[in-house]
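Here is the structure we will look at.
Taken together, the values in this text are just the output of simple stated rules run on the coordinates, not laboratory data. If you're wondering where the values come from, they're calculated on a predicted model, not measured in any experiment. Cβ sites come from the backbone with ideal geometry, for glycine too, and all protein chains shown count toward neighbours.
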Amino acid sequence: MDTNLPKTSQPRIVIVGCGFAGLRLAKDLAKLPVQVVVIDRNNYHNFQPLLYQVATGGLEADSIAYPIRKIFAGQHNFYYRMTDVERVEPAQNLVKTNIGDIHYDHLVLATGSLTNFFGLDSIEQNAMQIKSVPNALNLRSYLFQNFEKAILTEDPTQRQALMNVVVVGGGPTGVEICGSLAEMRKDVLPKDYPELDLKQMEIYLVESGAEVLGPMSKFAQEKGKKYLEEKGIHIRLNTHAQRYEDGRLYYSETEFIRTQNLIWAAGVNGAALDGLPEEVVARNKRVNVDTRNRILGLRNVYAIGDVANMITEEMPRGYPMLAPVAIQQAEQLAENLGRLLKGEEMQPFQYTNKGSMAIVGRNRAVVDLPGDLHFGGFLGWLTWLFVHLMTLVGFRNKAVTLVGWAISYFSSDKALRLIIRPFNRHDFNEHQLQTKAAEQKAATAEYIPSVAAPEAPVVGG
Ligand SMILES: Cc1cc2nc3c(=O)[nH]c(=O)nc-3n(C[C@H](O)[C@H](O)[C@H](O)COP(=O)(O)OP(=O)(O)OC[C@H]3O[C@@H](n4cnc5c(N)ncnc54)[C@H](O)[C@@H]3O)c2cc1C
């Protein structure tokens, strides 16, 4: 198959992934005399920090995703191909995709991360994750399906399990989902399900560490925990999820929580691609790079964002997997590729920490800013809303999100709770879908359109 990329005398820079890092890099290369080829399996850029709002019915999927071709309309050196990169062949300067091979002069991996289940197979096969738009929509669908089932059952234990939600992972994602679920329980579910006793619905946050919001300040950890407790979330610290069987999440040999709604937000690995030298892929599947984001030992291959493992004195365990790191590494690499073309020295990456924040629902958020500045409450909430609104891609998305939030705020309601199609949890997770796609591919030995491969089909918003 031919990828139909125009031949050019200019250097071709291939970027795999159009998340925060790939998007910024491709934009910043607009003025360089290069051909920019962006490859992504999805034809949209996905704003992951707001996925949990899609999962809990607060926002439509279309508000947090934006078509890649539309973002780059008018950028003359830009080409996009929607496909899955299967492996890289650095010795031949090639990436292997399911639409054919693509040659590069410079290759940038911006493939992000994948959910890490720490080898807990029973959890991987059954838990819901929240890494993509299809994940979020399916999660929403699944929660509401279980509420429909809860109405039908006569068995109180079964009903409780259908209504209980367990979120594993007390980082910002887990905390934000819990806050949003607690608001759903208070404001939305009693109106929709008057036949159910919502007091029976319990929300648990299970965290293996000694605190929630581990990467944030002590202030944020304590305030965040207090906000969650005020919302009636059961927080289980120093608790290790071990296995999930028969609708029970075990955290020791014998102790368990009954739930049909298990959400896994406990960790991610880098999304390293096959074909890289083994020694450059770290245990957490991030790719070792130097301070110029060059993959160690390779001449013209780079990694940026979540997938890049840049170890420095400042960050001995690598930079955190955060959007600002991805964006800043992309900006530095664009500048460095410009320098390279002019025969100048590349400059090292320097991170400007712009702070971090987490929202725990209406009027409640915690914010850490550089310079040991911490605040929470209404001001924190406003700051969170403003920053997220401003970083959304596209005017339409900003406007739709603002209007949606305003309506939810004043009506204490979330409009989006359609179950567009019945959803089976066993089709849920990406690992299973990837395995299924690989099996299918092996069976047919033919081209499989990439849209079907890594993720469940999107159900409507
Ligand atoms: C639920 C959630 C909440 C978050 N909240 C925050 C937050 O509040 N603040 C914050 O700073 N960060 C947050 N993050 C982290 C932040 O989203 C990431 O750090 C950021 O997305 C990293 O950007 P990236 O470009 O490296 O990767 P990504 O944004 O993940 O982009 C990777 C892209 O590569 C594509 N891709 C991957 N492999 C292939 C392949 N083989 N072939 C083709 N395409 C491929 C994917 O489709 C994707 O578009 C959150 C993450 C999640 C999941």
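If each residue's Cβ is checked for other Cβ atoms within 10 Å, how do Ser9, Ser411 rank with the fewest at the top?
On the way: Ser9 6, Ser411 10.
So the ranking, lowest neighbour count to highest, is Ser9, Ser411.
Each of Gln92, Met128, Tyr66 was scored by the projection of its Cα onto the charge dipole of the chain, and the greatest displacement toward the positive side belongs to Tyr66; charges sit on the C-beta of Lys, Arg, Asp and Glu. Under 5 Å between amide hydrogens, built in the peptide plane, is the criterion, and for Tyr251 it picks out Gln242, Phe256, Ile257 among residues at least 5 positions away or on other chains. Projecting the Cα positions of Leu213, Pro6, Gly376 onto the charge dipole of the chain (unit charges on Cβ atoms of Lys, Arg, Asp and Glu, taken about the Cα centre) puts Pro6 furthest along the positive direction. Positive-end ranking of Leu418, Trp405, Asn43 along the dipole of the chain, with charges on Cβ about the Cα centre, is headed by Trp405.
Does the range 327-375 come out rounded, prolate or oblate by the C-alpha gyration tensor, with a ≥ b ≥ c the root eigenvalues, rounded set by a/c under 1.5 and, if not, prolate when a/b is larger than b/c and oblate if not? Mind showing how you got there, number by number?
On the way: a/c = 8.19, a/b = 3.13, b/c = 2.62.
Judged from the Cα gyration tensor, the range 327-375 comes out prolate (a/c at least 1.5, a/b above b/c).
Each residue of the range 206-211 was assigned a 3J(HN,Hα) from its phi angle through the Karplus curve 6.51 cos²θ - 1.76 cosθ + 1.60 (θ = phi - 60°); the sequence is 9, 9, 6, x, 8, 8 Hz, with glycine and proline shown as x. Once the convex hull of all Cα atoms in the range 248-379 is built, its volume per residue stands at 195 Å³. A crude spin-label estimate for the pair Glu335 and Ser122, with each label 7 Å from Cα along the Cβ direction, gives 5.2 nm. Using only Cα atoms, find the angle between the long axis of helix 395-411 and the longest principal axis of the chain, and express it within 0 to 90 degrees, rounded to the nearest 10. Helix 395-411 sits at roughly 10 degrees to that axis. Counting neighbouring beta carbons within 10 Å and listing from fewest to most, the residues Ile327, Ile13, Ile419 come out as Ile419, Ile327, Ile13. Footprinting exposure proxy ranking of Glu60, Glu89, fewest other C-beta atoms within 10 angstrom first, gives Glu89, Glu60.
What angle do you read, to the nearest 10 degrees and between 0 and 90, between the alpha-carbon axis of helix 430-444 and the longest principal axis of the chain? Once rounded, the angle reads 50 degrees. How much FRET efficiency would the formula 1/(1 + (r/R0)^6) give for Leu198 and Glu222, where r is the Cβ-Cβ distance and R0 is 22 Å, rounded to 0.05? E(calc), rounded to 0.05, equals 0.20.
Per-residue counts of other Cβ atoms within 10 Å, averaged by peptide: what ranking do you get for 285-293, 126-134, 166-174, highest first?
For the peptides 285-293, 126-134, 166-174, the packing ranking is 166-174, 126-134, 285-293.
Distance from the Cα centre of the range 334-395 to that of the range 286-329, in angstrom? Taking the Cα centre of each part, the range 334-395 and the range 286-329 sit 17 Å apart.
I want the antiparallel fraction of DSSP beta bridges within the range 1-68, as a percent rounded to 5. The answer is about 40 percent antiparallel.
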